[in-house]
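Read the structure below first, then the notes.
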Amino acid sequence: MLVDSHCHIDFEEYSGRIPQILESMARNQVTHALCVCVNLTDFPRVLALAESHIQFFASVGVHPDQTENASPEISDLIERARQPKVVAIGETGLDYYRQSGDLEWQRTRFRTHIRAARECGKPLIIHTRDAGEDTLRVMREERADTIGGVMHCFTETQDVATAAMELNFHISFSGIVTFKNAVAIKEVAKSMPLDRMLIETDSPYLAPMPNRGKTNEPAWVRHVAEEIARLRGISLEAVAEATSANFFRLFAPIIYNKAL
Ligand SMILES: [Zn+2]
Ligand SMILES: [Zn+2]
């Protein structure tokens, strides 16, 4: 079995296509997918998907690229995180690639998410782009290690991966790891401990090879797993088993403990 730890299947491009998405997941042994919230306006849609399908989980958060949406209060996040199918806080973090100028508002918003996660006891989904050092600094200052979570769609250096793992975080690889020129990311995927690894699609973005350029979907997390298996010289089953167990241990400990 495989799990897509990060997708946005609540987006417009999937409306009316959920039955096909689920069929395609089933054909590829992708049993679950975490539908990640990017702003509070869309949260009801994300939650509805998770509540109406056993295959989906939800998160709550406001993405660092959301300039038009107000930053949430800690209480806004905690209240929504009370729903049992909401398994994480995020996505949150820092993005210095798409945003510029004085980004103190992004760091403040990030701190709010970390405080909410610590308070409600649910792990963090962290997005970081061109902001590795500041992301780690805020994580340390806010004691994000006490709750843990995942650095999603990892595109940073080996040093950032090591520091994040020291802070009790997992590293999640997207379709980027299948791209020929992603040499440094392939190296991290090859050498990092398997018990801290997650895999994801970040659908609708970043479709893996051989579907690069198309609208991504959770079923294609299989291609991410296949590439990691190839890089490490292990079986697809071994990657699937480890990353799925990591997912449930981190995000759904009740299910994980029941399965033991
Ligand atoms: Zn992201
Ligand atoms: Zn995302």
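Only the coordinates and a few stated rules stand behind these numbers; no lab work does. The model shown is predicted, which means the values in this text are computed figures rather than measured ones. No Cβ is skipped: glycine too gets one built from the backbone with ideal geometry, and neighbour counts run over all protein chains shown.
Here the spin labels are modelled as points 7 Å beyond Cα on the Cα-Cβ line, and at residue 215 and residue 168 they lie 3.9 nm apart. Expressed as a whole percent, how much of the Cα-Cα distance distribution for the chain exceeds 34 Å? Summing the P(r) of the chain above 34 Å gives 9 percent of all pairs.
What you get for the range 111-260, charging only the Cβ of Lys and Arg (+1) and of Asp and Glu (-1), is a dipole of about 220 debye around the Cα centre.
Tell me, in nm to one decimal, what length is gained between residue 140 and residue 237 on full extension, where the rule is 0.36 nm per residue of separation less the Cα-Cα distance? Working it through step by step, the gained length comes to 31.4 nm. Computed about its Cα centre, the charge dipole of the chain is approximately 600 debye, with only Lys, Arg, Asp and Glu carrying charge at their Cβ. Computed about the Cα centre, the dipole magnitude for the range 1-95 is approximately 460 debye when only Lys and Arg (+1) and Asp and Glu (-1) carry charge, each at its Cβ.
Of 243, 162, 155, the sequence from fewest to most neighbouring Cβ atoms within 10 angstrom is 162, 155, 243. Across the range 170-179, rounded Karplus estimates of 3J(HN,Hα) from the backbone phi angles (6.51 cos²θ - 1.76 cosθ + 1.60, θ = phi - 60°) give 8, 10, 10, 9, 9, x, 4, 5, 8, 7 Hz, Gly and Pro being marked x. Residues 30, 224 in ascending order of nearby Cβ atoms (within 10 Å, fewest first): 30, 224. Shown here: the range 32-175, whose C-alpha atoms stretch 40, 30, 29 Å along the first, second and third principal axes, sorted largest to smallest. Between residue 229 and residue 51, the simple label model (points 7 Å from Cα in the Cβ direction) yields a spacing of 3.7 nm.
What the phi angles of the range 3-20 give under the Karplus curve with 6.51, -1.76 and 1.60, with θ = phi - 60°, is a coupling list of 10, 8, 7, 6, 8, 10, 6, 7, 5, 3, 4, 9, 5, x, 9, 4, x, 5 Hz, glycine and proline written as x.
Checking every one of the trypsin sites (Lys or Arg not before Pro) in the range 122-219 against DSSP loop status and a limit of 16 other Cβ atoms within 10 Å picks out 143, 180, 212, 214.
Rounded to whole numbers, the Karplus 3J(HN,Hα) couplings from phi for the range 89-94 are 10, x, 8, 9, x, 10 Hz, using 6.51 cos²θ - 1.76 cosθ + 1.60 with θ = phi - 60°, and x at Gly and Pro.
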